Amino acid sequence: MIRANDIKSAKKILQDWRRKNYSLTLVPTMGYFHDGHIALMAKARQLSNKVIVSLFVNPAQFGPEEDLDKYPRDFDGDSKKAAAAGVDLLFCPTVPEMYHDNHMTEVSVRELSARLCGIDRPVHFSGVTTIVAKLFNIVQPDYAVFGEKDFQQLVIIKQMTADLHYSTTIIGHPIVREKSGLAMSSRNAYLTDYEREVAHSLYTALDSIRREVQKSKGQKVVAELIKMAKNIIIQHAECSIDYIAIIDSDTLKPCAVISQLSRAVGAIRINDRIRLIDNVALYDEPV
Ligand code: AMP
């Protein structure tokens, strides 16, 4: 595995690969790899000749009160894991190079970025789309793999890719979970053992919506399903709810009635310190 810490050396390697007609897949990450990241890398391995993983804790997607400074980092451990996963190029640019002093440009996707997590994190998604646009321009990948764990992000990236005419095909990857159902996340490192036990209530709540919907063949009232899920979460005094919703997977708009495209989504806070998100498709997605 080659490691490039600046744009110029990454571009040199990528140009060489493109000249040799290799197909390229990019997996953008913020590091502190867990099995969810590794699964995305394995998917990328199947898609193309060369796998590029970017590792960049992107300041632009953190709000002023958020956890940028304490976001978990382990560059050496990540390098070893990426090499073991068959990654060809680990691209770790610096903040001053990605956002030079006179940086003025922002890429943002209207409407979709304002919904769900965008309500509590108003600058988050424009930070994400700006960095992903930059990475697409540097790498020019044939494919890019994103996790369904960040479902809103995946939908927004697909929209940006279509709107800006990128030639990259966006591939979504299913969520990788702990045995308890808790979605793997770098932020799980913040959880104490006890908090980890209550954190999976988010998945339990969203999955209970899925089970009720399938049992009733979609006939349940949306508001009742949301109330049931919220009750599961607030049984734990440590958990507060940012939102629980049933949305359309394409538009991210709340569903009035359940359809094949409906998805239960949620964000909770544990002890007001740790914000976790998750989502569950209410019907099996067509393959
Ligand atoms: P992050 O490093 O948290 O920015 O995540 C990098 C990529 O990994 C994003 O596309 C995430 O959606 C994806 N990802 C994170 N956690 C998981 C998970 N548990 N299962 C699948 N994909 C994930």
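The values are calculated or read from the model by the stated rules, or taken from the named source; none is laboratory data. Computed from a predicted model, the values in this text were never measured in an experiment. Because the Cβ atoms are built from the backbone with ideal geometry, glycine has one as well, and the counts that use them run over all protein chains shown. Note: areas computed on protein heavy atoms with side chains; ligands, DNA, RNA excluded. Shrake-Rupley method; radii C 1.70, N 1.55, O 1.52, S 1.80 Å.
Segment 235-281 and segment 39-59 have Cα centres separated by 27 Å.
Among the listed pairs K11/K50; K12/K43; K43/K80; K149/K217; K134/K253; K179/K227, a Cα-Cα separation exceeding 20 Å is found for K12/K43; K149/K217; K134/K253; K179/K227.
Can you classify segment 168-287 as rounded, prolate or oblate using the Cα gyration tensor, where a ≥ b ≥ c are the square roots of its eigenvalues, rounded means a/c under 1.5, and otherwise it's prolate if a/b beats b/c and oblate if not?
It comes out oblate by the Cα gyration axes.
Restrict the search to segment 1-103; then list the GluC sites (Glu not before Pro) that DSSP places in a loop and that have at most 11 other Cβ atoms within 10 Å of their Cβ. Please report the intermediate quantities before stating the final value.
On the way: sites: E65, E66, E97; in loops: E65, E66.
Answer in residue order: E65.
Rounded to the nearest 10 square angstrom, M228 shows an accessible area of 60 square angstrom against a 1.4 Å probe. In loop segments of segment 10-79 as defined by DSSP, the trypsin sites (Lys or Arg not before Pro) with at most 16 further C-beta atoms inside 10 Å of their C-beta are K20, K70, R73.
Under 1.5 on a/c is rounded, so check that first for segment 2-173, then, if it is not, pick prolate when a/b is larger than b/c and oblate when it is not; a ≥ b ≥ c are the square roots of the alpha carbon gyration tensor eigenvalues. Taking the square roots of the gyration eigenvalues as a ≥ b ≥ c, segment 2-173 is rounded. Which value in Å is the Kirkwood Rh of the chain over different Cα pairs? That comes to 19.8 Å for the chain.
Using C-alpha pairs under 8 Å with a sequence gap of at least 6, the mean separation divided by the residue count of segment 88-133 gives a relative contact order of 39 percent. For the pair M228 and D120 in one chain, pulling the backbone fully straight at 0.36 nm per residue adds 36.6 nm over the alpha carbon distance. Taking trypsin sites (Lys or Arg not before Pro) across segment 115-223, the ones in a DSSP loop with at most 14 further Cβ atoms lying within 10 angstrom of their Cβ are K179, K217.
The Cβ shell under 13 Å around Y166 holds other residues with a net charge of 0, Lys and Arg each +1, Asp and Glu each -1. For D76 and Q219, what does the FRET efficiency come to when R0 = 45 Å and r is the distance between their Cβ atoms, rounded to the nearest 0.05? FRET efficiency, D76 to Q219: 0.25. Each part reduced to its alpha carbon centroid, segment 88-129 and segment 177-230 end up 28 Å apart. Ranked from largest to smallest solvent-accessible area, with a 1.4 Å probe on the protein heavy atoms, R3, R110 come out as R110, R3.
Measuring nothing but how far apart in sequence close Cα pairs (under 8 Å, 6+ apart) lie, relative to its length, segment 53-164 scores a relative contact order of 32 percent.
Taking the Cα atoms of segment 83-229, the ratio Rg/Rh between the radius of gyration and the Kirkwood radius comes to 1.02. Annotation: extensible slack from A83 through A42 equals 13.6 nm (criterion: 0.36 nm per residue apart, minus Cα-Cα distance).
Surface composition of the chain: carbon and sulfur make up 50 percent of the accessible area, probe 1.4 Å. Rounded to the nearest 0.05, what FRET efficiency do T204 and N21 have when you use their Cβ-Cβ distance and R0 = 45 Å? Step by step, r from the Cβ atoms, then E = 0.40. Taking all Cα pairs closer than 8 Å and separated by 6 or more residues, the relative contact order of the chain comes to 16 percent. Taking a ≥ b ≥ c as the square roots of the eigenvalues of the alpha-carbon gyration tensor, segment 14-58 is classed oblate because a/c is 1.5 or more while a/b is no larger than b/c. Surface analysis of segment 136-287 yields an accessible area of 49 Å² per residue, using protein heavy atoms and a 1.4 Å probe.
Given R₀ = 35 Å, what would the calculated FRET efficiency be for N137 paired with L261, taking r from the Cβ atoms and rounding to 0.05? The value I calculate is 0.65. For C117, the solvent-accessible surface with a 1.4 Å probe is about 10 Å², rounded to the nearest 10.
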